[in-house]
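The values are calculated or read from the model by the stated rules, or taken from the named source; none is laboratory data. Only a predicted model underlies this, so the values are computations on that prediction, with no experimental measurement involved. When we count neighbours, we look across all protein chains shown, and the Cβ atoms used for this are built from the backbone with ideal geometry, even at glycine. Remember, those area values only see protein heavy atoms, side chains included, never the ligands or the DNA or RNA. Shrake-Rupley method; radii C 1.70, N 1.55, O 1.52, S 1.80 Å.
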Amino acid sequence: MTTSLFANIDWVGYVDWTIRDFHGYHTSRGSSYNSYLVRDTKSALIDTVKASYACHLLKSVRELLPLDKLDYLVVNHAEPDHGGSVAAVVKACPQVTVVTNKKCQAILSGYHDTSDWNWQLVGTGDTLELGNRTLTFLETPMVHWPDSMMTYVPQDGLLFSMDGFGQHYASGNRFDDEEPLETVLGEAKTYYANIIMWAGKPIQRALEAASKLDIKMIAPSHGTIWRSHMDRILAAYQDWVVCKPSPKVLVVYDTMWESTAMMARAIWEGASQPGITAKLLYIRAGGYTELATETLDAATIAVGSPTLNGGMMPVIGGGLTYLKGLRPICKAGFSFGSYGWSKGGAAAVQRELEETKFEILREPLECQYRPTPEVLQECRDAGKMLADKALSLACAAEPKS
Amino acid sequence: MKKYECNVCGYIYDPEQGDPDNGVEAGTAFEDLPDDWVCPECFVGKDEFSPVEE
């Protein structure tokens, strides 16, 4: 299956309707691995697909071009969801030269036996003349791995943006104006939060470099292609790179015998103030993926765990480990939770929040066995404090007029 | 004081700036960074850095 982007530039990737677990990221709407074929005097394939779908990629390429006529395979990123079929393409296309940067070459050589591959190494500013079209390369390290690179076609204003601006989103259409925009933007947000939230600064540099290009279409390596709503995704990225706080409070919790759930609900009630979006997330229902996504634009966050075996609940522990690695910035919050005969859960959560560089707004809010009416009132008051803080952080994040 | 570049991702440690996000004050020489300091962008250790020749 192929789709034309411009004359002789076609999508030849694979739509993965079935994937729901992308190394732990819950991909509720599937995904796609986007590969693109540029046919000119010389032809170039831009990136590949997961190894298990190589036959689909080769079939799509063959619909447009005899495999022995493929001159170049541009690899913008070696991670196996994009680089996984490079070996299969090299094997099927005997003439092909792999065009990539030095770091990507090293990573590809770590995953594959590359001893008989033909290489052409490129870096930022280098060009590859195909005939009427030119490919120009822009290295964007850490967006998403050290090797990550984007490829630009100046004649069409087309940017192959690799993981940047991508979404795990399977669809029957390839373009942003053929799918419900808010759904696609929502998946772009989930993708950003779960894959590259920690890389805000490198992404800022990539956005700055890309802003010097005349871009008319952005073709990422996952999900839909941006051609009608580039302004929306670029504006969203400007907010996400700084984890811009919105007037939003997130209350996350796990519970054993409902006491921490009662506290969570009371905090959430207290946070539900005018002008505030307050969300309550039971971690075992929403999972880590939702935790990361909801954290991205939340201003303040309370995390609750009862005490289990002297520490926090393992699902909360896993979620906080995940969040710490994703390195959200400019968040404020506190921990809470019930305990039985000994404390430990809420304090363990608070330590994780400190390590995640949260601004800590108060000591852990704790209660023994069942929250009393007084404790629940304290929870509501703490929720109100989260709301007030969220409003002030969101207000401070808005440009001064 | 010399700048150092991360061999993996290209991040430049500039002693004049330090790494304030990670508790390293401006004016801290690369050699004086704690042993457990890691590249703020790709997490590799100090041994993956090379001096920038200017």
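Just so you know, in segment B:39-53 the residues that are charged (D, E, K, R) and within 13 Å of chain A (Cβ to nearest Cβ) include one that is surrounded by the fewest Cβ atoms within 10 Å (Cβ to Cβ), and it is B:Glu48. Scanning segment B:5-38 for residues that are in contact with a Gly (Cβ under 8 Å, 6 or more places away or on another chain) and within 13 Å of chain A (Cβ to nearest Cβ) yields a single hit, B:Val38.
Only strands (runs of 3 or more DSSP E) whose full extent lies in segment A:255-362 are considered here, and the ones with at least 2 residues that are surrounded by 18 or more Cβ atoms within 10 Å (Cβ to Cβ) and of a type in the set (S, T, N, Q) are A:332-339.
The set of residues in segment A:101-139 being more than 15 Å from A:Tyr72 (Cβ to Cβ), within 14 Å of chain B (Cβ to nearest Cβ) and outside any helix (DSSP H, G or I) consists of A:Gly123, A:Thr124, A:Leu138, A:Glu139.
Residue count for segment A:371-401, restricted to those that are open to solvent by 80 Å² or more (accessible area, probe 1.4 Å) and out of contact with any helix residue (DSSP H, G or I) (no Cβ under 9 Å at 6 or more places or on another chain): 7. Counting the residues of segment A:242-254 that are in a loop (DSSP other than H, G, I, E, B) and open to solvent by 10 Å² or more (accessible area, probe 1.4 Å) gives 5. Scanning segment A:36-65 for residues that are touching a residue at least 40 places away in the same chain (Cβ under 8 Å) and touching a helix residue (DSSP H, G or I) at 6+ places or on another chain (Cβ under 9 Å) yields A:Ser43, A:Leu45, A:Asp47, A:Thr48, A:Leu57, A:Val61. Return only the number of the condition from (1) open to solvent by less than 20 Å² (accessible area, probe 1.4 Å); (2) more than 14 Å from chain B (Cβ to nearest Cβ); (3) outside any helix (DSSP H, G or I) that A:Ala54 does not satisfy. Checking A:Ala54 against (1) open to solvent by less than 20 Å² (accessible area, probe 1.4 Å); (2) more than 14 Å from chain B (Cβ to nearest Cβ); (3) outside any helix (DSSP H, G or I), the one that fails is (3).
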